[in-house]
Structures are given as structure tokens and as C-alpha cells.
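Colleague: Starting off with a structure, shown below.
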Amino acid sequence: KQEVTQIPAALSVPEGENLVLNCSFTDSAIYNLQWFRQDPGKGLTSLLLIQSSQREQTSGRLNASLDKSSGRSTLYIAASQPGDSATYLCAVTHNTDKLIFGTGTRLQVFP
Amino acid sequence: EPEVTQTPSHQVTQMGQEVILRCVPISNHLYFYWYRQILGQKVEFLVSFYNNEISEKSEIFDDQFSVERPDGSNFTLKIRSTKLEDSAMYFCASSVLLAGAQETQYFGPGTRLLVL
């Protein structure tokens with residue numbers, strides 16, 4: 001059974017820092033991996049989608065990498081801003097199209 | 001930019017009552033999903049729907065749950081007899097293609113259901 005874990009569970013950093021969020025999954029036979037952002041009480045906003053054949057994707061200050069063989073993905077946020085404060089979720093599709101989510105990393109960026 | 005919409009944003013109901021949660025997926029999308037998130041827990045898959053039928057459902061999606069696409073735009077989740085443990089945020093999502101074909105699922109803002 002595919003399990004997705006995210007560490008750290010929470011992170012608090014000063015504005016301007018570069019930071020890395022980690023996601024690991026137990027079964028490397030994934031179709032793709034998505035990173036989402038969730039603001040308190042709100043829906044999920046898709047940030048990046050990495051296909052199983054890809055190693056990384058970039059969007060603005062965000063860069064996500066994927067190492068399928070080791071079952072890991074990282075989300076790198078450059079020059080963090082207070083507006084980046086949210087919970088970041090990673091999710092994988094395994095052998096069907098359902099997303100299997102991690103527990104998330106709650107990020108706070110303070111001025 | 002097209003987006004998934006959900007109504008209502010909040011619903012409070014008594015245990016044993018029926019509730020219907022409504023979603024309008026993005027117009028050219030063909031695959032539809034319901035997920036839920038109990039407070040403080042992971043987002044969990046409930047059901048996927050394509051071509052007017054369920055393509056996959058989780059263990060959570062028992063006989064108390066049903067989904068329907070009553071017209072060309074709406075996608076609904078019905079809970080026939082709500083239980084306290086059904087209290088959660090329910091998210092609708094849609095995609096153009098199967099996520100296994102490497103397509104993003106787009107999520108709505110959610111309906112917060114509280115069962116008393």
C-alpha cells in the first residue's frame with residue numbers, strides 16, 4: 001500500500017530564506033507527483049506536477065525534484081516571502097488516477 | 001481562468017439527515033473526483049467518475065454515498081444518512097485526462113460539512 005510522508009511537519013523561517021520541503025513515498029511505481037498549496041480553510045492549489053519520467057519542474061521561485069528510485073521528492077522555495085505561508089501537500093498517483101496525499105508541511109514565513 | 005466551484009461553502013446538518021454537495025467542474029474536463037479532509041488529517045480519496053459511471057471508489061465510499069452528474073455541468077455527492085464522523089471538508093476535483101496520463105487535477109474550494 002502506497003504511503004506518503006512529509007517532513008518537517010511544520011517550519012518557521014524568516015523572510016528571504018531558501019527552504020526545502022521533503023516528501024517520501026513507499027512504492028516507487030508512481031505515475032506522477034503533484035505539489036499543492038493549501039491556505040487555512042481553503043481548497044488546494046496545484047503548484048507543480050512532475051511526471052514519472054521527469055526529474056524536476058520549475059515555476060517561478062519554486063523548483064520540485066523527483067527521485068523515483070529512492071521514493072523522494074523535494075520542493076525548493078527560493079527567497080521565501082510571508083505570502084508563501086501555507087500548508088504544502090505532496091500527492092502521488094500510483095496505479096490509478098486517485099491522488100494519495102501526504103500529511104503536509106505547515107510553513108510560516110515571518111517578516 | 002477556469003476553476004472548479006462548489007456549493008455550499010458550509011453546511012450544518014443533523015445526524016441521520018441527507019446532504020447533497022454540489023460541484024461544477026471545469027467545462028472541458030472529463031474526469032471528476034471527490035476527496036475529503038477530516039480536520040487535522042490527510043486529504044483522502046473518495047471516488048472518481050468518468051463517462052457517467054464510477055471508475056474507482058475507496059473503502060470510505062460505502063452505500064451511504066453516491067455520486068451523480070445530473071446534467072452537463074454539475075457533479076454531486078450525496079450522503080444519505082449522515083454520521084458524526086462524516087464531518088469534514090469535501091473537495092471536488094476535475095481533470096482533462098486521467099492523472100495516470102500525467103494531467104493535473106484541479107480542486108474546488110471545498111464544502112465544510114458539520115454533522116451534529
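The values are calculated or read from the model by the stated rules, or taken from the named source; none is laboratory data. What you see is a predicted model, and the numbers here were worked out from it, not measured in a lab. Here the Cβ is made from the backbone with ideal geometry for all residues, glycine too, and neighbour counts use every protein chain on show. These accessible areas exclude ligands, DNA and RNA; they are computed on the full protein's heavy atoms, side chains included. Shrake-Rupley method; radii C 1.70, N 1.55, O 1.52, S 1.80 Å.
Colleague: Of all strands (runs of 3 or more DSSP E) completely enclosed by the stretch B:1-113, which ones contain at least 1 residues that are of a type in the set (Asp, Glu) and modelled with pLDDT of 90 or more?
Modeller: B:43-50, B:53-57, B:65-68
Colleague: Can you tell me which of A:Asn63, A:Asn22 is in contact with a Pro (Cβ under 9 Å, 6 or more places away or on another chain) and not in a loop (DSSP other than H, G, I, E, B)?
Modeller: Selected residue: A:Asn22, the only one of A:Asn63, A:Asn22 that is in contact with a Pro (Cβ under 9 Å, 6 or more places away or on another chain) and not in a loop (DSSP other than H, G, I, E, B).
Colleague: From the list A:Thr74, A:Thr103, A:Thr58, which one is open to solvent by 20 Å² or more (accessible area, probe 1.4 Å), of a type in the set (Val, Ile, Thr) and within 14 Å of another protein chain (Cβ to nearest Cβ)?
Modeller: Within the list A:Thr74, A:Thr103, A:Thr58, the selection yields A:Thr103.
Colleague: Shifting gears a bit: Pairs, please: C-beta under 6 Å, at least 6 apart or cross-chain, first residue closer than 11 Å to A:Tyr76 by Cα and in the stretch A:52-63, second open to solvent by 50 Å² or more (accessible area, probe 1.4 Å) and in a strand (DSSP E or B)?
Modeller: Pairs that qualify, where the first residue is closer than 11 Å to A:Tyr76 by Cα and the partner is open to solvent by 50 Å² or more (accessible area, probe 1.4 Å) and in a strand (DSSP E or B), are A:Asn63/A:Tyr76.
Colleague: For B:Phe61, all conditions in the list (1) within 12 Å of chain A (Cβ to nearest Cβ); (2) open to solvent by 80 Å² or more (accessible area, probe 1.4 Å); (3) within 19 Å of B:Met89 (Cβ to Cβ) hold save one; what is the number of the exception?
Modeller: The single condition B:Phe61 does not satisfy is (2).
Colleague: Pairs under 9 Å by beta carbon, first residue farther than 13 Å from A:Leu33 by Cα in the stretch A:69-84, partner of a type in the set (Phe, Trp, Tyr) and open to solvent by less than 50 Å² (accessible area, probe 1.4 Å), six or more apart or different chains?
Modeller: Correct list of pairs: A:Ile77/A:Tyr88.
Colleague: Next question, about the same structure. With respect to B:Glu85, is the statement that it is under 19 Å from B:His10 (Cα atoms), of a type in the set (Asp, Glu) and open to solvent by 20 Å² or more (accessible area, probe 1.4 Å) true?
Modeller: In short, yes.
Colleague: Please work out which residue is nearest to the other protein chains (Cβ to nearest Cβ), limiting yourself to the stretch A:77-95 and to residues that are within 21 Å of A:Tyr31 (Cα to Cα) and open to solvent by less than 40 Å² (accessible area, probe 1.4 Å).
Modeller: This residue is A:Thr93.
Colleague: While we're here: If I filter the stretch B:29-36 for residues that are of a type in the set (Lys, Arg) and either open to solvent by 60 Å² or more (accessible area, probe 1.4 Å) or free of Cβ contacts under 8 Å to residues at least 40 places away in the same chain (or both), do I get at least one hit?
Modeller: Scanning the stretch B:29-36, I find no residue that is of a type in the set (Lys, Arg) and either open to solvent by 60 Å² or more (accessible area, probe 1.4 Å) or free of Cβ contacts under 8 Å to residues at least 40 places away in the same chain (or both), so the answer is no.
Colleague: Which one of these does B:Thr104 not meet: (1) within 10 Å of chain A (Cβ to nearest Cβ); (2) open to solvent by 50 Å² or more (accessible area, probe 1.4 Å); (3) within 28 Å of A:Ser52 (Cβ to Cβ)?
Modeller: Failing condition for B:Thr104: (2).
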